[in-house]
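One structure is given here, and the rest of the page talks about it.
Rule-based calculations on the coordinates, nothing more; no lab input. Just so it is clear, the structure is predicted and the values come from calculations on it, not from any experiment. Cβ: placed from backbone, ideal geometry, glycine included. Neighbour counts: every protein chain shown.
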Amino acid sequence: MRGRQSACCFTGHRPAKLPWKEDESDVRCLALKARITAAAESAILEGMEHFLCGMAEGCDLYFCEIVLALRERYPHVTLEAALPCPSQTDRWSEASRARYHALLSRCDYETMVSEAYSPGCMQRRNRYMVDHSSLLIAAHDGLPGGTRSTIEYAIRRGIPVVDIPI
């Protein structure tokens, strides 16, 4: 695993907070994925070699897929799945769980931040990612929630944030 100075993490919304919900064929979703791709590739070109992803449904999985695709062109890049707890996917649909496991199997590292679900395990996962990064890419609509809390934490820690509006 590479050091914090060359590591970048990601935060973004789950489908329920996205205007297109789970319809990834929506032009707005495709545009967001293009903006995430541009931000991730720019981070690589600026020296980021290690990416951390929280593996939540929605934007996190988009980011994971994007970094894996970029790894084809930039094979030195590594990807770490930062998992909040073992039961993260328990309430997900079968299709979402299959997608998650397929992506997880392609990650270079897995870090489980909590042994069991607790009300704070998602925030603990987010703080772990920020604490191990020197850049945060955030897909955010400006409203309160976990994504905004992660952005605010990164700012308090002096970590630059690349803001990708939704």
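General remarks:
Listed here are the residues, each with its yes/no results for (1) in contact (Cβ under 8 Å) with a residue 12 or more places away in the chain; (2) of a type outside the set (V, I, T).
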residue	(1), (2)
C8	yes, yes
L18	yes, yes
D26	no, yes
T37	yes, no
A40	yes, yes
F63	yes, yes
I66	yes, no
L79	yes, yes
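- Of all the listed residues (L103, L30, L52), the sole one being out of contact with any strand residue (DSSP E or B) (no Cβ under 9 Å at 6 or more places or on another chain) and aliphatic (A, V, I, L, M) is L30.
- Which numbered condition R127 fails, given (1) farther than 20 Å from I36 by Cα; (2) out of contact with any Lys or Arg (no Cβ under 8 Å at 6 or more places or on another chain); (3) surrounded by 20 or more Cβ atoms within 10 Å (Cβ to Cβ): (3)
- Screening the candidates D23, D60, D90, D108 for the property of being among the charged types (D, E, K, R), crowded, with 18+ Cβ neighbours inside 10 Å and on the phi < 0 side of the Ramachandran plot yields one hit, D60.
- Annotation: K33 fulfils all but one of (1) closer than 14 Å to S133 by Cβ; (2) surrounded by fewer than 21 Cβ atoms within 10 Å (Cβ to Cβ); (3) within 14 Å of the chain's Cα centre (by Cα); the unmet one is (1).
- Qualifying position, being assigned to a helix (DSSP H, G or I), more than 13 Å from the chain's Cα centre (by Cα) and loosely packed, with under 12 Cβ neighbours inside 10 Å, among A154, A95: A95
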